[in-house]
Amino acid sequence: MHELAPYAVSPENSRGRRIAEQSSPGRTPFQRDRDRIIHSTAFRRLEYKTQVFVNHEGDLFRTRLTHSLEVAQIGRSVARNLYLNEDLVEAIALAHDLGHTPFGHAGQEALNDCMKDHGGFEHNLQSLRVVDVLEEHYGAFDGLNLCFETREGILKHCSRKNADKLGDVGERFLLDRRPSLEAQLANLADEIAYNNHDVDDGLRSGLISQEQLEEVGIFGRHLAMARKDYPGISGRRLIHETVRRMINTLVADLTRQSAMNIRDAGPASLSMVQEAPFLIGFSNQIRQEQQELKKFLRDYLYRHYKVARMSAKARHTVEMLFNAFHSDILLLPPAFQAKYHQVRHQAIADYIAGMTDRYAIREYRRLFAIEER
Ligand code: MG
């Protein structure tokens, strides 16, 4: 392992696992966490879950799996430069979307609406539920028994009401403390990844155009740089040269600004990080440019009528599934019926949230098309 700063999370200052385990001779606890996440069932399902584009719309769009790998890549580069715990950042990045429903944001909103009288549905909490409870891999415990700091990083945000019920990982929301720098970093690596790949996927889909994007500061600036370096290129090659420059700028800015914030605050330990304001962050200029890009993506991609149509179908599918199970519990697979006796509607939410896009589509047909079984 590379050298760690005194304020980084380390095996020595970790709060450890809920159930104590023998340490591994060859791997740090955070390498083990990462490995457990990669071997989990929920991780494999990320391949068939999406954020903006539904899985069957094309093979080249990001899935939650490739998104998570991009987040891990970006997070690790920055972690190494700031002497933070790279393994922890990687573990958080790979696990951060495990609790997502099928069909991205539309699926999450629909399930949250369906669950509104039963505590609601929140994908952060569900990601934690996956690693704490739902994975069935080990003889000694439910879930993956991950280290506190990995679990804390997965729980990006949470209401005070929910924090109250969560115990250890909920504490910081009640005490107004910050999570580790590794968790803060994974969160911003997520933002860098999705802004950039949504530009790339958006252009690839044809729903937004290069001409429209040229008006957006950060894209226009990097497009000009790519054109200057390679005057002869166009099309996909030009877009890739632009996007890789944007990612580079964001990563460099995040590293530089965070190093300055850390230097100014001067935390000498992990507990001082928790008392300090957020230290991992972009410069003001880059933050504003990112806001402008986000607004563009919201207005022209996420609210594009073709995306809206697909989202409406996704919402309908999730609602129909939920209502069917809710009105007749016998329609649930037996394992979830059994769980329904303990956790009620949460069992239905667990079943639906665990579905991939294509599984949800198939399940919808099995429930509503008379010729299907
Ligand atoms: Mg994400």
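Regarding Val273, is this residue under 21 Å from Pro179 (Cβ atoms), crowded, with 18+ Cβ neighbours inside 10 Å and not basic (Lys, Arg)?
So Val273 fits the description; yes.
Only one of these conditions is not met by Lys156: (1) within 16 Å of the ligand (Cβ to nearest atom); (2) at pLDDT 95 or above; (3) of a type outside the set (Asp, Glu). Which number is it?
Failing condition for Lys156: (2).
Among the candidates Asp190, Asp229, which residue alone is modelled with pLDDT of 95 or more, farther than 25 Å from Gly104 by Cα and assigned by TED's automatic domain parsing to the domain that holds Phe53?
None of the other options fit; the residue is Asp229.
Looking at the stretch 177-232, which of the residues that are within 16 Å of the ligand (Cβ to nearest atom) and of a type in the set (A, V, I, L, M) is most open to solvent (accessible area, probe 1.4 Å)?
Leu188
Can you tell me which residue among Ser68, Ser77 is open to solvent by less than 10 Å² (accessible area, probe 1.4 Å) and of a type in the set (Ser, Thr, Tyr)?
Matching residue, one of Ser68, Ser77: Ser68.
Which number in (1) under 15 Å from the mean Cα position of the chain (by Cα); (2) surrounded by fewer than 21 Cβ atoms within 10 Å (Cβ to Cβ); (3) over 30 Å from Ala276 (Cβ atoms) marks the one condition that Ile19 misses?
Against the list (1) under 15 Å from the mean Cα position of the chain (by Cα); (2) surrounded by fewer than 21 Cβ atoms within 10 Å (Cβ to Cβ); (3) over 30 Å from Ala276 (Cβ atoms), Ile19 comes up short only on (1).
Out of the residues in the stretch 24-64 that are outside any helix (DSSP H, G or I) and free of Cβ contacts under 8 Å to residues at least 12 places away in the same chain, which is nearest to Ala312 (Cα to Cα)?
Asp59
What about Asp299, is it out of contact with any His (no Cβ under 6 Å at 6 or more places or on another chain), outside the structural domain of His56 (by TED's automatic domain parsing) and either among the aromatic types (Phe, Trp, Tyr) or part of a helix (DSSP H, G or I) (or both)?
It is false that Asp299 is out of contact with any His (no Cβ under 6 Å at 6 or more places or on another chain), outside the structural domain of His56 (by TED's automatic domain parsing) and either among the aromatic types (Phe, Trp, Tyr) or part of a helix (DSSP H, G or I) (or both).
The values are calculated or read from the model by the stated rules, or taken from the named source; none is laboratory data. Note that the structure is a prediction, hence the values are computed from the model and not measured. Don't worry about glycine lacking a Cβ; one is built from the backbone with ideal geometry, like all the others, and counts go over all protein chains shown. To get the accessible areas, we keep the full protein, side chains included, count just its heavy atoms, and leave off ligands, DNA and RNA. Shrake-Rupley method; radii C 1.70, N 1.55, O 1.52, S 1.80 Å.
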